[in-house]
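*Asks:* What follows is a structure written as structure tokens; I'll ask about it next.
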Amino acid sequence: TGATSGIGKSTAELLAHGSYKLILCGRREDRLEALKTELSTKTEVLTLSFDVSDRDAVEKAIASLPKAWETVDVLINNAGNAHGLAPFHEGNLDDWDAMIDINVKGLLYVTKAIVPKMVERKSGHIINIGSIAGKEAYPNGNVYCGSKHAVNAINNGLRMDLNPYGIKVSQICPGMVETEFSLVRFKGDEEMAKKVYVDLEPLKPQDIAEMIEFILSRPTHVNISDMITFPTAQASSTLVNRKK
Ligand code: NDP
Ligand code: 8X3
């Protein structure tokens with residue numbers, strides 16, 4: 001999910017070189033189609049455009065998969081964003097709804113649509129893109145951090161419940177990655193978004209894509225359950241070594 005930008009797009013591009021057939025999901029159909037055109041020379045690609053926070057749309061999209069695509073071996077729950085950055089008492093309720101609906105409920109809806117068949121087959125791998133915000137809260141990050149703490153707990157609970165079936169569940173928790181993430185958080189304000197990454201070298205979406213590929217390429221008996229990854233210049237959510 002979230003293949004139209006950032007970490008999801010880089011992951012699609014990287015996995016297209018391997019032995020994967022790709023189902024690319026996102027809301028922006030034009031971007032999905034462009035990516036399909038780009039990657040179809042390398043592998044088979046199917047696109048599904050839906051909003052992960054729309055329960056009916058998720059169910060319909062997954063149910064619409066043609067027979068040849070019904071077996072999903074790997075689910076990468078990546079779709080999500082921060083909306084706003086404000087002290088709790090100044091928080092915007094629409095932003096809060098968006099983060100809980102997309103980052104938490106969206107991940108649940110997509111996973112629930114895919115997991116039962118993995119359980120039937122007793123195989124599969126789910127990779128959840130959490131965040132350092134799911135390990136520690138930071139000032140003004142309140143609800144985004146809450147949504148990613150929920151992903152952290154769901155990731156762990158899912159791994160326990162799917163353990164009897166040999167299904168792998170993994171989480172990657174990145175620090176700062178330069179994507180459209182901050183542009184979305186600051187509602188299209190490019191200057192504010194750029195400031196987040198000024199005077200330091202952030203992670204690139206490809207760095208996370210490579211971690212996903214590494215996790216997927218471990219032998220059957222190895223499950224990487226969690227991976228916290230910072231840029232070298234970052235030591236925690238709040239401790240960042242800027243050059244100036
Ligand atoms: P981007 O904004 O670049 O990408 C977000 C992706 O999520 C887009 O493809 C977008 O697609 C999709 N998405 C957002 N909302 C919805 C929705 N309602 N329904 C379907 N798809 C949706 O950000 P990143 O690549 O950085 O973010 C990917 C993940 O990584 C997120 O879960 C984020 O929380 C996490 N993360 C990011 C970090 C960072 O610093 N960048 C650090 C730690 C974690 P579309 O708009 O087309 O629907
Ligand atoms: C995104 C990273 O530090 O902005 O999840 O929360 S951070």
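The values are calculated or read from the model by the stated rules, or taken from the named source; none is laboratory data. These numbers come from a predicted model, not from an experiment. Note: ideal-geometry Cβ built from the backbone for every residue, glycine included; neighbour counts use all protein chains shown. Surface areas here come from the heavy atoms of the whole protein model, side chains and all, with no ligands, DNA or RNA. Shrake-Rupley method; radii C 1.70, N 1.55, O 1.52, S 1.80 Å.
*Asks:* Give the range 28-61 a look and list any residue that's closer than 17 Å to Val110 by Cβ, open to solvent by less than 60 Å² (accessible area, probe 1.4 Å) and not in a helix (DSSP H, G or I), or say none.
*Replies:* Result: Leu46, Thr47, Leu48, Ser49, Phe50, Asp51, Val52, Ser53.
*Asks:* Go over the candidates Asn92, Asn142 one by one and state the one that is buried (at least 18 other Cβ atoms within 10 Å of the Cβ) and over 20 Å from Ser19 (Cβ atoms). It would help to see each step written out before you state the result.
*Replies:* Values: Asn92 fails: buried (at least 18 other Cβ atoms within 10 Å of the Cβ).
On inspection, the qualifying residue turns out to be Asn142.
*Asks:* Next question, about the same structure. Residue under question is Asp73, and the condition is that it be open to solvent by 30 Å² or more (accessible area, probe 1.4 Å), more than 16 Å from the chain's Cα centre (by Cα), under 25 Å from Pro174 (Cβ atoms) and away from ligand 1 (no atom under 13 Å from the Cβ); does it hold? I'd like the intermediate steps shown before the answer.
*Replies:* Working: open to solvent by 30 Å² or more (accessible area, probe 1.4 Å): yes; more than 16 Å from the chain's Cα centre (by Cα): yes; under 25 Å from Pro174 (Cβ atoms): yes; away from ligand 1 (no atom under 13 Å from the Cβ): yes.
Yes: the conditions hold for Asp73.
*Asks:* Are there any helices (runs of 4 or more DSSP H) wholly within the range 142-224 with 1 or more residues that are more than 16 Å from the chain's Cα centre (by Cα) and under 17 Å from Ser123 (Cα atoms), and if so which? Walk me through how you get there before you give the answer.
*Replies:* Values: elements: 142-162, 181-185, 190-196, 205-216.
The helices (runs of 4 or more DSSP H) meeting that bar are 142-162.
*Asks:* If we keep just the residues of the range 76-89 that are more than 21 Å from Val177 (Cα to Cα) and open to solvent by 60 Å² or more (accessible area, probe 1.4 Å), which is farthest from ligand 2 (Cβ to nearest atom)? Walk me through it before giving the result.
*Replies:* Let us first name the residues in the range 76-89 that are more than 21 Å from Val177 (Cα to Cα), namely 87-89.
Subsequent filtering for residues that are open to solvent by 60 Å² or more (accessible area, probe 1.4 Å) retains 88-89.
Values: Phe88: 16, His89: 20 Å.
Residue satisfying both the conditions and the ranking: His89.
*Asks:* From the set of residues in the range 108-139 that are open to solvent by 20 Å² or more (accessible area, probe 1.4 Å), in a helix (DSSP H, G or I) and under 23 Å from Ala98 (Cβ atoms), which is nearest to ligand 2 (Cβ to nearest atom)?
*Replies:* Leu108
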